[in-house]
Amino acid sequence: MTILKASNLKLMIIAALVVVFFAFKSEKDSLHKRVFHVNLTEVKDNVPAKKSVLDKWEFKDGKLFSDYLYDKFQYKWIRYRINKDSIYTDSTDTEVRQLDVEGSFTDDVNQTVMINFTTVEWSLDGTIKITKNDKIKKFFDIAGFEKGGKPKKPKKKKGGADSLKVFELKRD
C-alpha cells in the first residue's frame, strides 16, 4: 500500500512541475524571428533624398537588428515594444493583422535612435529619428516588406490530361 501512495505522490509532483513549467514559459511576440527588407530614405528639410538605402531588419526576443544602423552608427540590438496588436477585417473580408511598434536606444555619446513603424501583414512603414543631445541629426522614412512575403496561393491547372473527368462504375 505504501508503494502505491509513493508512486501517486511522484505522479502528482511531476504533473505539478509540468503545469508550472508551461505556466511560466514566456510567449514570443508577433515579430519574433521575422526578417524584413527595408528601404531607408533620408529626409532633409522635409524633402526626401533621391536615393534610398536598402537594409535588412531582423527581430528576435523583443530586439531589432538593422545592418545599416549597425554599420553607420554602431547600434547592435535595439529594444522595441509593440504598442498595438490588432486584427481587423478589410474591404475584401480578409482578416488583417496590424502592429504599431516603437523602439529606442541611447549610446554612450548621448546619441539616441528612435524607431516608430507599423506593420500590416507583410509590409512595414514608419520613421527613424537619430538625435544627438536632443537635436535631430538624421531622419529617415522607412518602407519595406517581409522576406519571403505573402504566401502564394496554389495555381489551378487548365486543360491537359489532368483535367479529364474519371467516372466510376458501380455494380447494383
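Surrounded by fewer than 10 Cβ atoms within 10 Å (Cβ to Cβ), in a loop (DSSP other than H, G, I, E, B) and either of a type outside the set (A, V, I, L, M, F, W, C) or at pLDDT 90 or above (or both): does that describe Ser30? Answer is no for this residue. Could you grab me the full set of residues in the range 76-91 that are of a type outside the set (Lys, Arg) and closer than 15 Å to Glu102 by Cβ? Matches in the range 76-91: Ile78, Tyr80, Ile82, Asn83, Asp85.
Residues are listed down the side, and each one gets a yes or a no for (1) under 16 Å from Phe139 (Cα atoms); (2) of a type in the set (A, V, I, L, M):
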{"residue": "Phe59", "(1), (2)": "no, no"}
{"residue": "Ser66", "(1), (2)": "yes, no"}
{"residue": "Leu69", "(1), (2)": "yes, yes"}
{"residue": "Gln74", "(1), (2)": "no, no"}
{"residue": "Ile82", "(1), (2)": "no, yes"}
{"residue": "Asp90", "(1), (2)": "no, no"}
{"residue": "Thr118", "(1), (2)": "no, no"}
{"residue": "Ser123", "(1), (2)": "no, no"}
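Counting only strands (runs of 3 or more DSSP E) that sit wholly inside the range 68-157, those with at least 2 residues that are of a type in the set (Phe, Trp, Tyr) are 77-89, 135-146. Against the conditions (1) of a type outside the set (A, V, I, L, M); (2) surrounded by 14 or more Cβ atoms within 10 Å (Cβ to Cβ); (3) farther than 13 Å from Ile142 by Cβ, Asp45 satisfies every one except (2).
Going through Tyr75, Tyr80, Tyr88 one at a time, which residue ends up being aromatic (Phe, Trp, Tyr), modelled with pLDDT of 90 or more and surrounded by fewer than 16 Cβ atoms within 10 Å (Cβ to Cβ)? Write out each step before concluding.
Numbers: Tyr75 fails: surrounded by fewer than 16 Cβ atoms within 10 Å (Cβ to Cβ); Tyr80 fails: surrounded by fewer than 16 Cβ atoms within 10 Å (Cβ to Cβ).
The conditions single out Tyr88.
The values are calculated or read from the model by the stated rules, or taken from the named source; none is laboratory data. Being a predicted model, the structure only gives us computed values, none of them experimental. Cβ coordinates were reconstructed from backbone atoms using ideal geometry, including for glycine residues, and neighbour counts include every protein chain displayed.
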